[in-house]
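The values are calculated or read from the model by the stated rules, or taken from the named source; none is laboratory data. Just so we're clear, the structure is a prediction, and the values are computed from it rather than from any experiment. Because the Cβ atoms are built from the backbone with ideal geometry, glycine has one as well, and the counts that use them run over all protein chains shown.
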Amino acid sequence: MDGQFIVSLILIIATFSLYIGIAVFNKARATSDFYVAGRGVPPVFNGMAIGADWMSAASFIGMAGTVMALGYDGLAYIMGWTGGYLLLTFLLAPQLRKYGRYTVPEFIGDRYRSNTARIIAAIATIIISFTYSVGQLSGSGVVIGRLLEVNTATGTLIGVVLIAFYSAMGGMKGITWTQVAQYLVLIVAYLIPVIFMSLQLTQNPAPWLSYGQIIEELQILDQQLGITEYIVPFTGATKWQFLALMFTLMAGTAGLPHVIVRFYTVATMKAARWSGAWALLFIGLLYLSAPAYAAFSRFILMTEVAGSSLSNLPAWTQPWINTGELSLADNNGDGILQWTEIMISNDIVVMATPEIANLGIFVVGLMAAGAMAAALSTAGGLMIAISAALSHDIYFRSINPNASEKKRLAVGRWSIILATVCAGLLALNPPGAITQIVAWAFALASGSFFPALFLGVWWKRANGPGVVAGMIVGLTVTLGYIFAAKYGGFTILGIIDTGAGVFGATAAIITNIVVSLATKPPSQETQDEVTDLRYPEQVQYKNGEVWLKE
């Protein structure tokens, strides 16, 4: 075993031991612990947990690689994912917290006075979270596969066992404090390499300020090689695809059930707002670094790998070739590796860059630990969302309302194990790159939950038949467009499968409004409840007047 393997393995084992220890120490003993962490998480720590929940394998592993490959067009991912948190923090999170439920389907069912709406929302939660978790488990396979120098499929199976154990053990309470630790690990692991690369390439330790000069050098290299320039917009996609993807990610962020439930874990509306503010700060540290990461990685590959003799390639290339994520081919037979002959998966750019930049075995190991933290933290939150939909919204609220707390916890834990295994099996042969799979989950959330939640909070006339019709139409349109665009080559204005949410959300909102207006309005009590959500927690709206609570 080489030194790099030993250091990486020690860091991985140390961090895993920390996560499992936290989960065991904070084992959920009541349903409120399992679903909403007892509603006692301080805003700053909830912000860290949201950041870890949010900065998934797609963000940590895939985003910088996507920006590196797409250039300007890849910025839609960063702008969409960040902008979505503003929508969520200001338009939905405080109001949903004031309503005081455990899950998003429970809010929809109670707000719209419809058991059918709750069941459809629970099914949508399972579909969205399952799709998202496939991307996370695929990411964990990339990391573990490189660490152990095995196929990514074997790495995925190892990740399944780990996630199933600590998610089922701790529930939301255990996962919350595990995610705080995972955030600290992943953000340190992400920032150290990009800071060192900035020092190497620009002699400036602030990559957010220095990568502009690397962009200028990349422009010159692109022109010399006669390839598409890195900073030219809409080269790989139309401007409509850029805007559709950005909207899909923003609306999807505001509608993701596993993210929204994090705002249920705090005590008040004010704490929910502060959680969102802290989360934006913690998320911004990574998202502002991703474009610099992409530029530095592309520059190093173009200047230090491209142009090398195939018989004298850097040592880091062979382990990645073994994983199946890197391919080098001498297409013109000259013995020299050209830029166009490097086929590197978007999903390994961040993981491989510390080796490419020769940053040392400790940084490589730290990166592996951070990438695992990112994949595991989000996967844990997704499994809780699936478990809550199955055990609380479907089993307890619809099938067995007299179930004991012990029985509900058992159903919750077994549903986590089952969901993790099923998602892991699909992740063995994922249907797309990590960021693409995750974008589908966001499209489904923007076509189903965002319209239902947005209208449920801000339009008191929205009713049960309207939300049922809206969610069904939104999901159908979104799924239909994803399949038609990916497998049938069908597009509108050049919008591909990752931008499908714009059509789903539009169809869902129109359907909800039309059906609600064509059917009986909600009761006055329900309409007063909706209006009441817009006021601070110490204020109550009733009988058409605003009252201070005693």
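Take residue 105 and tell me if it is assigned to a helix (DSSP H, G or I) and over 24 Å from residue 395 (Cβ atoms). Quick ask: steps written out before the conclusion?
On the way: assigned to a helix (DSSP H, G or I): yes; over 24 Å from residue 395 (Cβ atoms): no.
When the stated conditions are applied, residue 105 does not pass them.
Consider residue 73 carefully, then state whether it is acidic (Asp, Glu) and closer than 19 Å to residue 448 by Cα.
Values: acidic (Asp, Glu): yes; closer than 19 Å to residue 448 by Cα: no.
Here the answer is no, as residue 73 does not meet what is asked.
Restricting attention to segment 108-116, does a residue exist that is over 26 Å from residue 163 (Cα atoms), among the charged types (D, E, K, R), modelled with pLDDT of 85 or more and surrounded by 24 or more Cβ atoms within 10 Å (Cβ to Cβ)? Please lay out each step first, then the result.
Start the filter on segment 108-116 by keeping residues that are over 26 Å from residue 163 (Cα atoms), which leaves 108-116.
Checking the rest, the ones that are also among the charged types (D, E, K, R) come to 110-111, 113.
With modelled with pLDDT of 85 or more added as a condition, the list becomes 110-111, 113.
Next, only the ones that are surrounded by 24 or more Cβ atoms within 10 Å (Cβ to Cβ) stay: 111.
Yes, the conditions are met somewhere in segment 108-116.
Restricting attention to segment 189-218, which residues are farther than 18 Å from residue 371 by Cα and among the small types (Gly, Ala, Ser)?
Across segment 189-218, the qualifying residues are 198, 206, 210, 212.
Of all helices (runs of 4 or more DSSP H) completely enclosed by segment 183-289, which ones contain at least 1 residues that are in contact with a strand residue (DSSP E or B) (Cβ under 7 Å, 6 or more places away or on another chain)?
Values: elements: 207-225, 239-255, 257-260, 269-287.
Counting at least 1 such residues, we get 239-255.
Checking residue 480 against (1) assigned to a helix (DSSP H, G or I); (2) modelled with pLDDT under 85: exactly one of these is not met. Which one?
Condition (2) is where residue 480 drops out.
Return yes or no: is residue 377 without any contact (Cβ under 8 Å) to a residue 60 or more places away in the chain, within 23 Å of residue 23 (Cα to Cα) and of a type in the set (S, T, N, Q)? Give the steps one after another, and end with the answer.
Values: without any contact (Cβ under 8 Å) to a residue 60 or more places away in the chain: no; within 23 Å of residue 23 (Cα to Cα): yes; of a type in the set (S, T, N, Q): yes.
When the stated conditions are applied, residue 377 does not pass them.
Which residue pairs have Cβ atoms closer than 8 Å, lie 6 or more positions apart in sequence or on different chains, and pair a first residue in segment 209-222 that is closer than 15 Å to residue 196 by Cβ and touching a residue at least 60 places away in the same chain (Cβ under 8 Å) with a second residue that is outside any helix (DSSP H, G or I) and charged (D, E, K, R)?
Cβ pairs passing all conditions: none.
If a residue must be surrounded by fewer than 22 Cβ atoms within 10 Å (Cβ to Cβ) and not small (Gly, Ala, Ser), how many such residues does segment 256-273 contain?
Result for segment 256-273: 4.
Identify the single condition in (1) in a helix (DSSP H, G or I); (2) modelled with pLDDT under 80; (3) under 25 Å from residue 272 (Cβ atoms) that residue 50 does not satisfy, given that it satisfies every other one.
With respect to (1) in a helix (DSSP H, G or I); (2) modelled with pLDDT under 80; (3) under 25 Å from residue 272 (Cβ atoms), residue 50 is out only on (2).
For segment 463-473, give me the residue count where each residue is closer than 15 Å to residue 113 by Cα and either over 29 Å from the mean Cα position of the chain (by Cα) or of a type in the set (Val, Ile, Thr) (or both).
5
Between a first residue in segment 301-312 that is in contact (Cβ under 8 Å) with a residue 40 or more places away in the chain and of a type in the set (A, V, I, L, M) and a second residue that is surrounded by fewer than 14 Cβ atoms within 10 Å (Cβ to Cβ) and in a loop (DSSP other than H, G, I, E, B), which pairs have beta carbons less than 9 Å apart while being 6 or more apart in sequence or on different chains?
305/314
Across segment 478-513, what is the total count of residues that are surrounded by fewer than 16 Cβ atoms within 10 Å (Cβ to Cβ) and in contact with a Phe, Trp or Tyr (Cβ under 6 Å, 6 or more places away or on another chain)?
Counting residues in segment 478-513 that are surrounded by fewer than 16 Cβ atoms within 10 Å (Cβ to Cβ) and in contact with a Phe, Trp or Tyr (Cβ under 6 Å, 6 or more places away or on another chain) gives 3.
Looking at segment 398-410, I want the residues that are β-branched (Val, Ile, Thr) and have a partner that is part of a helix (DSSP H, G or I) and surrounded by 10 or more Cβ atoms within 10 Å (Cβ to Cβ) with Cβ atoms under 9 Å, at least 6 apart or on another chain. Which pairs are those?
Note: no pairs meet the criteria.
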